[in-house]
Amino acid sequence: MGFVLGLLAKAILPGKQHSPLWLITIFGIIGGLVGNALAGAFGIESTPGIDWGRHALQVIAAVVLVALGDMLYVSLRGKRERA
C-alpha cells in the first residue's frame with residue numbers, strides 16, 4: 001500500500017521529485033500510517049463499505065510527506081555534493 005500511496009502522491013505533486021523510488025515508498029508507508037491515525041482521531045477508521053475518508057486522509061498525508069521529504073532529500077544531497 002505504501003508503494004501505491006507514494007506513487008500517487010508523486011503523481012499529484014507538480015514538478016519533478018528527486019527522491020529515489022525506495023524513499024518515495026517509505027514516505028507512502030508513513031503517509032498511510034499517519035492517515036490511519038488521523039482517521040482514528042476523527043472517528044472514521046471503520047465505516048460500512050469503502051472507507052473513502054480514510055483513503056483520502058492517507059493520500060493527503062502521503063502527498064505532504066513526499067513533498068517535505070523530497071525537499072529535505074534535495075537539501076541534504078546538495079550539501080553533501082558541495083562538501
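All but one of (1) open to solvent by 80 Å² or more (accessible area, probe 1.4 Å); (2) in a loop (DSSP other than H, G, I, E, B) hold for M71; which doesn't?
That leaves (2) as the condition not met.
Would you confirm whether any residue within the range 41-64 is in contact with a helix residue (DSSP H, G or I) (Cβ under 9 Å, 6 or more places away or on another chain), at pLDDT 95 or above and open to solvent by 80 Å² or more (accessible area, probe 1.4 Å)?
yes
Given the options L57, L65, L5, name the one that is assigned to a helix (DSSP H, G or I), without any contact (Cβ under 8 Å) to a residue 24 or more places away in the chain and not aromatic (F, W, Y). Talk me through it step by step, then tell me what you get.
Working: L65 fails: without any contact (Cβ under 8 Å) to a residue 24 or more places away in the chain; L5 fails: without any contact (Cβ under 8 Å) to a residue 24 or more places away in the chain.
Testing whether each residue is assigned to a helix (DSSP H, G or I), without any contact (Cβ under 8 Å) to a residue 24 or more places away in the chain and not aromatic (F, W, Y) leaves just L57.
Could you please find all residues in the range 5-35 being open to solvent by 60 Å² or more (accessible area, probe 1.4 Å), over 10 Å from the mean Cα position of the chain (by Cα) and on the phi < 0 side of the Ramachandran plot?
A11, I12, P14, K16, H18, L21, W22, listed by residue number.
The values are calculated or read from the model by the stated rules, or taken from the named source; none is laboratory data. The shown structure was predicted, so the numbers you read here are calculated from the model rather than taken from an experiment. Glycine also receives a Cβ, built like all others from the backbone with ideal geometry; neighbour counts cover every protein chain displayed. We work out accessible area using only protein heavy atoms, side chains counted, and drop any ligands, DNA or RNA first. Shrake-Rupley method; radii C 1.70, N 1.55, O 1.52, S 1.80 Å.
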